[in-house]
Amino acid sequence: MAFDRRVFPKADLFDADYWRQCESWWLLVEDVRAGCCAFERDVDVTVKGERERAGCAYVATTGILPRFQGRGLGRLMKDWQIAWAFHNGFRRLVGVTRKSNRAMIRLNRSCGFREVRTIADYYADEAGLVMAIKLR
Ligand SMILES: CC(C)(COP(=O)(O)OP(=O)(O)OC[C@H]1O[C@@H](n2cnc3c(N)ncnc32)[C@H](O)[C@@H]1OP(=O)(O)O)[C@@H](O)C(=O)NCCC(=O)NCCS
């Protein structure tokens, strides 16, 4: 939670209960916590939001500290997320990003994710773009 406050706008922060539901991972650079991501297992994103779906892993968050951004760590973490999902037996990996988040959309596309749908009121002030990759 503390890490995400340094990476995301206030409106996008999760509460403690939600963090406990997630499986979260650090990306360490010489013992410094440079990145964090979190998954929910067997969850997909439908037009109505997150729903249980066997075989689908949901990336709840992906963040790199501002001072570490632009050095390839986001790509490393995204590639690792795909490997994590594949090796844990998932068929699909899905995430949602703000429509204006060009960096994340471009990174996702270059890692093989495709746009699935736009959800108009996903964020309080902006639409969310659902992106997914088929793994097997
Ligand atoms: C999105 C984020 C994870 C990318 O991490 P990063 O370490 O900066 O990214 P990388 O250096 O690995 O760059 C990987 C690719 O991301 C894209 N990218 C990164 N920064 C970008 C920018 N400012 N504008 C456009 N594309 C960008 C590019 O496709 C880049 O590949 P390229 O350099 O070959 O063009 C990072 O910027 C971040 O944590 N942002 C704030 C939190 C956030 O928005 N998370 C996503 C929520 S869904």
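The values are calculated or read from the model by the stated rules, or taken from the named source; none is laboratory data. No experiment lies behind these values; they were computed from the predicted model shown. Cβ sites come from the backbone with ideal geometry, for glycine too, and all protein chains shown count toward neighbours.
Looking only at segment 86-103, filter to residues that are part of a helix (DSSP H, G or I) and in contact (Cβ under 8 Å) with a residue 12 or more places away in the chain; which one of those is surrounded by the most Cβ atoms within 10 Å (Cβ to Cβ)? Outline the logic, then answer.
So in segment 86-103, the residues part of a helix (DSSP H, G or I) come out as 86-87, 102-103.
Filter once more, so that each one left must be in contact (Cβ under 8 Å) with a residue 12 or more places away in the chain: 86, 103.
Working: Phe86: 15, Ala103: 12.
Ranking the candidates gives Phe86 first.
Restricting attention to segment 31-55, which residues are closer than 16 Å to Gly128 by Cβ and either assigned to a strand (DSSP E or B) or free of Cβ contacts under 8 Å to residues at least 60 places away in the same chain (or both)?
Glu40, Val43, Asp44, Val45, Thr46, Lys48, Gly49, Glu50, Arg51
Here is a list: Arg5, Arg75, Arg106. Which entry is over 21 Å from Tyr123 (Cα atoms), free of Cβ contacts under 8 Å to residues at least 60 places away in the same chain and basic (Lys, Arg)? Spell out how you get there, then give the answer.
Working: Arg5 fails: over 21 Å from Tyr123 (Cα atoms); Arg106 fails: over 21 Å from Tyr123 (Cα atoms).
Answer to the check: Arg75.
Residues in segment 88-96: is at least one among the charged types (D, E, K, R), farther than 15 Å from Ala132 by Cα and either within 13 Å of the ligand (Cβ to nearest atom) or at pLDDT 95 or above (or both)? Before the answer, list the steps.
Taking segment 88-96 as the starting set, the residues that turn out to be among the charged types (D, E, K, R) are 91-92.
Filter once more, so that each one left must be farther than 15 Å from Ala132 by Cα: none.
Scanning segment 88-96, I find no residue that is among the charged types (D, E, K, R), farther than 15 Å from Ala132 by Cα and either within 13 Å of the ligand (Cβ to nearest atom) or at pLDDT 95 or above (or both), so the answer is no.
In this structure, is Ala83 closer than 22 Å to Asp125 by Cα and assigned to a helix (DSSP H, G or I)? Spell out how you get there, then give the answer.
On the way: closer than 22 Å to Asp125 by Cα: no; assigned to a helix (DSSP H, G or I): yes.
When the stated conditions are applied, Ala83 does not pass them.
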